[in-house]
Amino acid sequence: MKNKRYRELAAILVMMTMTAGSITTVAAETETTAEEETTAETETDEPETETAEDAENADSEAADTQSQAAALEVTDRFAQQTAVDEALLQEASNGYSLDEALIVVNPYGMSPLSAVAVFSTEEACGGTVTVKGKSAENDVTGTFEEATEHIVPIYGLYNNDTTEVEITLDDGTSATFEVTTEDIGVDYGTIQTEMKSEASYDYSNLTFVCSTMGTLYGVDAAGDIRFFTNIGGTLGVHQLENGHLLMPASYVLKSSYYKEGMIEVDLLGKIYREYMIPGGQHHDFVELPDGNLLVASDSPDLSTVEDYVVEIDRETGDVVWELDMKDLISQEDGQSASMDSDGSEEADWFHNNGLAYDAENDLVLLSARHKDAIVAVNKEDKSLAWILGDPTGWDGVDPSYFFTPEGEDFEWFYAQHNVSILDNGDIALFDNGTAKVKRVDGDNRVSGDNVYSRAVVYQIDTENMTVSQVTEYGKERGADWYSDWISGVVSLDGTQDHLWITAGSHLHSDEENRSDYYPKDMFVQGLTKTTHIDQVDNGELSFELTISGDTYNALTYRSFRMPLYTEGKYDPSAVPEVLGSLGETSYEESSIDVSTAEALPDGWNFLLDGSKISVNGSFQTQTAADLQAGKMILISGESQRAYQLTQTPSEGDDGTNVTVKGWTAVDGLEGQEWDIYLELDGVLYNTGYMYSQA
């Protein structure tokens, strides 16, 4: 009977998910559905001579079309999750015994290697869950609190396999289950581990890997995947003090990784909070001592990127502090040679890829890749405190802000990623080592077999403004360990003695026998992609996880260590919250003639999620070289606002297919009804939709 009930509830949850979450799913998968291309006719007939009567009739028809527009209805982005919560809570009251516990794999559809066990006990009782590993040291163990109705998370199931799970109550009662999962369907290449010092390795933690292709997965000491989710982004994932994960939201505000905000989730894939941020999120965040969130962001109008930091009130989502690095540093000062090989746009002049907060000195530290520098800012008055990095090319900054190197083994870092502060105040970072010169000396950039990357720790003296190099790892491994971009290093215990290092972007050509490749080479055919994840204790390699293959999923942004069972308790009764806002989206004034609008072809998706109106679809053109800008135009009376759309062309069988995405926040649209039009390659379309807050 247990297996029958298992199947029945699984089917119920799937149906509820499909029904309650159909619109929500469209929102979550906007990037994917846009790839389902629809051909739109763009040819128009030559205009005929128009009489005054014709014009009047056309205006009347256009007015009728607007008045008949369908109002976009607000979609509950958590409808699917709420339906699952309600179903599980109902099942928990049905009185399953432990022996006949109901096991549901991946209840929220976001964590396929996790499950829940639903059962009841006559007396309030807690217990232990043991998810058996293929070897005893890879067992995953957690506890659950006293209750009579239990919905117990099961973490650490093997991919596309059957895993033995044992649940033991505090009174000694025990039951064992076999839980089977389906394949996650992602090729990470070959995952291998090498244990050099077992005494130094903590088997109770998994290695959480942030793939550059947008998935987060957990690997045990044997290299087996025991956790997986693609619920959000992966450029900036950390465990919060409450045990949950905070990670980038899924919706992209601006290509390619600038997200609308962040989501707080547990390992079952349930969302507890979503933070909407003007300017969005990228790369990193810091949980401050008071619980607020310091977030790497972009200029609110997205005119420049990776040069903005905001502090978010944890309880309200409001922006309570903001920093624009354009107010402190010239865009021309200290330019990195990496700007010439990253393929970056001019708007990415600073490229902040890491944050740290020095609570003792109230400093915000930013890792500016395109300046080859760690920049410290006094949080209270937003003034420049100091700059750690090669001072070459910094003509607009007083030299007193820079440190003087000490020690024979000292090396500056270049195009670095990730910055953290050790317990003694030392600074750790990943020196990607791009060029090893500043942009002004770009003709002397290092290449070929001479490239190398490092994890490095520096000690700074802010009184005497001197810096010394404390320790490094990676230089001795040469070009075979070189990672030109992404990557990171953190301390496992707050000291320099135990470092966890991710060299996440090694590219190698067997044919040319070279590894000096750059971000713009990522999609070159035939290159082997490799990530090296290393535990280095007292300067010696004690454990290495290698991910390698001809797959982009093998490239890794960063990784971190965490147990599957944490203090971040799963709560099926918790109601999710959306906090903050995107602010008012920038727009241009428009003056289109709506009488020329054509009906929008089928295949376009519009969504109103309470924070923004988003659209995606595609059309085909024969003149891609002269493709005109795409716009979403909102019209209310005499007011017309044009919002830029992102258009991505790709070659098709009968021409060029153009994928279109775009959005506008609802802030600033209050009190009026707005008819929605699209302008695509010079042709105006009436979508048949309108927005109103009524």
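How many residues does segment 181-194 hold that are surrounded by fewer than 18 Cβ atoms within 10 Å (Cβ to Cβ), part of a loop (DSSP other than H, G, I, E, B) and not aliphatic (A, V, I, L, M)?
Number of matching residues: 4.
So which residues in segment 134-157 are buried (at least 21 other Cβ atoms within 10 Å of the Cβ) and not in a strand (DSSP E or B)?
Just the residues of segment 134-157 that are buried (at least 21 other Cβ atoms within 10 Å of the Cβ), to begin with: 140, 144, 150-157.
Gly156, Leu157, listed by residue number.
Looking at segment 195-288, what strands (runs of 3 or more DSSP E) fall wholly within it and have at least 2 residues that are at pLDDT 95 or above, among the small types (Gly, Ala, Ser) and more than 30 Å from Asp537 (Cβ to Cβ)? Spell out the reasoning first.
Details: elements: 206-211, 216-219, 225-229, 245-248, 252-254, 258-265, 271-281, 285-287.
Because the criterion is at least 2 residues that are at pLDDT 95 or above, among the small types (Gly, Ala, Ser) and more than 30 Å from Asp537 (Cβ to Cβ), the strands (runs of 3 or more DSSP E) in segment 195-288 that meet it are 271-281.
So, in segment 73-117, of the ones that are among the hydrophobic types (A, V, I, L, M, F, W, C) and under 30 Å from Tyr689 (Cβ atoms), which residue ends up surrounded by the most Cβ atoms within 10 Å (Cβ to Cβ)? Explain how you work it out, then say what you get.
Here is the first cut: in segment 73-117, the residues among the hydrophobic types (A, V, I, L, M, F, W, C) are 74, 78-79, 83-84, 87-89, 92, 98, 101-105, 110, 113, 115-117.
From what's left, under 30 Å from Tyr689 (Cβ atoms): 74, 78-79, 83-84, 110.
Values: Val74: 14, Phe78: 19, Ala79: 18, Ala83: 19, Val84: 25, Met110: 21.
The selected residue is Val84.
I'd like the full set of residues that are of a type in the set (Asp, Glu) and either open to solvent by less than 50 Å² (accessible area, probe 1.4 Å) or part of a loop (DSSP other than H, G, I, E, B) (or both), limited to segment 317-334. Full working, then the answer.
The initial filter retains those residues of segment 317-334 that are of a type in the set (Asp, Glu), namely 318, 322, 324, 327, 332-333.
Result: Asp318, Asp324, Glu332, Asp333.
Tell me whether segment 434-452 contains one or more residues that are open to solvent by less than 30 Å² (accessible area, probe 1.4 Å), free of Cβ contacts under 8 Å to residues at least 60 places away in the same chain and not aromatic (Phe, Trp, Tyr).
Checked segment 434-452: no residue is open to solvent by less than 30 Å² (accessible area, probe 1.4 Å), free of Cβ contacts under 8 Å to residues at least 60 places away in the same chain and not aromatic (Phe, Trp, Tyr).
Suppose we filter segment 335-356 for residues that are surrounded by fewer than 18 Cβ atoms within 10 Å (Cβ to Cβ) and assigned to a strand (DSSP E or B); how many remain?
Adding up the residues that qualify gives 0.
Please specify each residue of segment 137-150 satisfying the condition of being under 23 Å from His244 (Cβ atoms), in contact (Cβ under 8 Å) with a residue 40 or more places away in the chain and more than 29 Å from the chain's Cα centre (by Cα).
First, the residues of segment 137-150 that are under 23 Å from His244 (Cβ atoms): 140-147, 149-150.
Add one more test, that the residue is in contact (Cβ under 8 Å) with a residue 40 or more places away in the chain, and what stays is 140-143, 145, 149-150.
Scanning segment 137-150 gives Thr143, Glu145, Glu149, His150.
Among Ser618, Ser595, which is the only one that is out of contact with any Phe, Trp or Tyr (no Cβ under 6 Å at 6 or more places or on another chain), crowded, with 20+ Cβ neighbours inside 10 Å and not in a loop (DSSP other than H, G, I, E, B)?
Working: Ser595 fails: crowded, with 20+ Cβ neighbours inside 10 Å.
Residue meeting the stated conditions: Ser618.
Within segment 213-236, is even one residue among the polar types (S, T, N, Q), in contact with a strand residue (DSSP E or B) (Cβ under 9 Å, 6 or more places away or on another chain) and over 19 Å from Tyr108 (Cβ atoms)?
The initial filter retains those residues of segment 213-236 that are among the polar types (S, T, N, Q), namely 215, 229-230, 234.
From what is left, the residues that are in contact with a strand residue (DSSP E or B) (Cβ under 9 Å, 6 or more places away or on another chain) are 215, 229-230, 234.
Add one more test, that the residue is over 19 Å from Tyr108 (Cβ atoms), and what stays is none.
Taking every residue of segment 213-236 in turn, none turns out to be among the polar types (S, T, N, Q), in contact with a strand residue (DSSP E or B) (Cβ under 9 Å, 6 or more places away or on another chain) and over 19 Å from Tyr108 (Cβ atoms).
The values are calculated or read from the model by the stated rules, or taken from the named source; none is laboratory data. These numbers were taken from a predicted model, which means no experiment stands behind them. Reconstructed Cβ throughout: ideal geometry from the backbone, glycine too, with neighbour counts over all protein chains shown. SASA here: full protein model, heavy atoms, side chains in, ligands and nucleic acids out. Shrake-Rupley method; radii C 1.70, N 1.55, O 1.52, S 1.80 Å.
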